[in-house]
Amino acid sequence: MTLEPLDDLISRLERERLAADRIYNDALTALDRAVSPPSGLPAAAAPADRSQLASVNDRSQILSPGSPPIDGSLKGRLAGFIWRLVGPPLQRQAEFNAAVAAHLNRTAAAHDEWIEAASRLRGAVQEELQTIGRVHSLLVQYLQTLTAYVDTKDRSIGGTEIRDRVARLEQRVQAIKRDLEQRAGGAAAPDSAVAAVFSRPVDAATYVGFEDRFRGASPEIARRVEDYLPVLAAARDVVDIGCGRGELLAALHARGVKARGVDSNAAMVDMCRSQQLEVEQGDALSYLERQPDASVGALTAIQVVEHFDPAYLVRFLDTAFHKMTPGAPLVLETINAACWMAFFETYIRDLTHQRFLHPDTLRYLVEASGFSSVDVRFREPVSAGDRLLMADPGLLGGVFGMAAVVAAVNDHANKLNARLFSSMDYAVIARR
């Protein structure tokens, strides 16, 4: 894959930033224009008109209670005749007047209740409209701060893509400089037919970037190697074979433990020396062979022995036994060959790996070299999300004939998890 020139990359990112900025500003302007103060609410309704209600109630009674007195006299018989003519219509009129007055009284009371409810509703609506107005105003203010926030984030991280490109570029520049210095000093360049993978200075910097991306960033590796500190805390002189970026050496120095390292990768060595760590560039076996017998207080090799071919590994372990002091701890961490996920996710990804070491194999080789108290500790278990799920006996166990099926499925899952999804790494820890 051809890398995009850095100038073109910066120009493209700037165009994308300006386009996104324009879209953002247009959207913010549209939102700002859409926000307007809430329109005024209608005036509160007038209360019920009760000015004539008392008069209507009084005048609605056009008849006295009961019928007029009627007796057998001429006047009484005349009054009875007249009442029979006009009494019924007057009574109906009186009933109508009473019904109208009662209706007016009920309407006035209902109107007053409605006015009270409308007044409370008007107050609530007014308060909500004011709240919405404040929210709109705060929303616009918040969105106006996003541009400055994003700009400061861009300045702080410089853009992930550019940062990675610049880091790799700096590593390559340092590697080229070191290569030129070696050539000027008369050192011969490694023959391409026999040179190891990533042995050239420029390629060594490439492998540093490979480790950063696929093995893990330095903080993550520093967290992992902390598990070995209790084993090494009492050692007087720790030698870290294949020390890489120096995470274990830095942790030991921070705790006052004297430690030094060796690595064949020149870029790794430069990174360690930039942290004032004592590191030498060279071959692991050659470095060990130069040490006096019984002088090394502890020996570690974290994710290293899988890079050795079998004959080299046997010589390495035999030499380590003779160079270490009696009782000194040996720590060898490598990829777990008993876990298929570790093979596919980790081992075959790295071109520099030479041999996949089963835990039993490495344990036997360590014992055969003379070490004692050999222990295998499995590390970095595969996450539950990547393991095979177990069937729930509570769901199917009560169904006729399904209990045996559930047991068989779970037994198969356990066996597959043990072989496919156990632990990604293991460490062999022994004593000289």
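Restricted to the range 288-317, and to residues there that are open to solvent by less than 10 Å² (accessible area, probe 1.4 Å) and in a helix (DSSP H, G or I), the residue that is modelled with the lowest pLDDT is GLU306. Give THR325, THR346, THR334 a once-over and let me know the one that is of a type in the set (S, T, N, Q) and over 24 Å from PHE371 (Cβ atoms). Result of the check over THR325, THR346, THR334: THR346. The set of residues in the range 59-102 that are without any contact (Cβ under 8 Å) to a residue 24 or more places away in the chain, among the aliphatic types (A, V, I, L, M) and assigned to a loop (DSSP other than H, G, I, E, B) contains only ILE70. Being in contact (Cβ under 8 Å) with a residue 60 or more places away in the chain, open to solvent by 20 Å² or more (accessible area, probe 1.4 Å) and under 34 Å from the mean Cα position of the chain (by Cα) holds for only one residue in LEU351, LEU332, and it is LEU351. Across the range 212-242, the qualifying residues are those that are open to solvent by 60 Å² or more (accessible area, probe 1.4 Å), more than 21 Å from the chain's Cα centre (by Cα) and not aliphatic (A, V, I, L, M), and the one among them that is modelled with the lowest pLDDT is ARG236. With respect to the stated conditions, VAL366 is assigned to a helix (DSSP H, G or I) and either surrounded by 13 or more Cβ atoms within 10 Å (Cβ to Cβ) or not β-branched (Val, Ile, Thr) (or both). hydroxyl-bearing (Ser, Thr, Tyr) and either in contact with a Cys (Cβ under 6 Å, 6 or more places away or on another chain) or modelled with pLDDT under 75 (or both): is that true of SER36 in this structure? Yes: the conditions hold for SER36.
Kindly provide the set of residues from the range 254-265 that are buried (at least 24 other Cβ atoms within 10 Å of the Cβ) and among the small types (Gly, Ala, Ser), ordered by number. Matches in the range 254-265: ALA259, GLY261.
For the range 322-363, taking the residues that are at pLDDT 90 or above and in a loop (DSSP other than H, G, I, E, B), the one that is nearest to VAL238 (Cα to Cα) is identified as ALA328.
Check whether at least one residue in the range 114-134 is over 60 Å from the mean Cα position of the chain (by Cα) and open to solvent by 60 Å² or more (accessible area, probe 1.4 Å), and report yes or no. No, the range 114-134 has no match at all. Count of the range 237-266 residues, restricted to those that are of a type outside the set (Gly, Ala, Ser), under 15 Å from GLU278 (Cα atoms) and part of a loop (DSSP other than H, G, I, E, B), is 6.
The values are calculated or read from the model by the stated rules, or taken from the named source; none is laboratory data. Everything numeric in this text was worked out from a predicted model, so none of it was measured. Methodologically, a virtual Cβ is constructed for each residue, glycine included, from the backbone with ideal geometry; neighbour enumeration extends over all protein chains shown. For the accessible areas, the whole protein counts, side chains as well, though only heavy atoms, and no ligand, DNA or RNA atoms are used. Shrake-Rupley method; radii C 1.70, N 1.55, O 1.52, S 1.80 Å.
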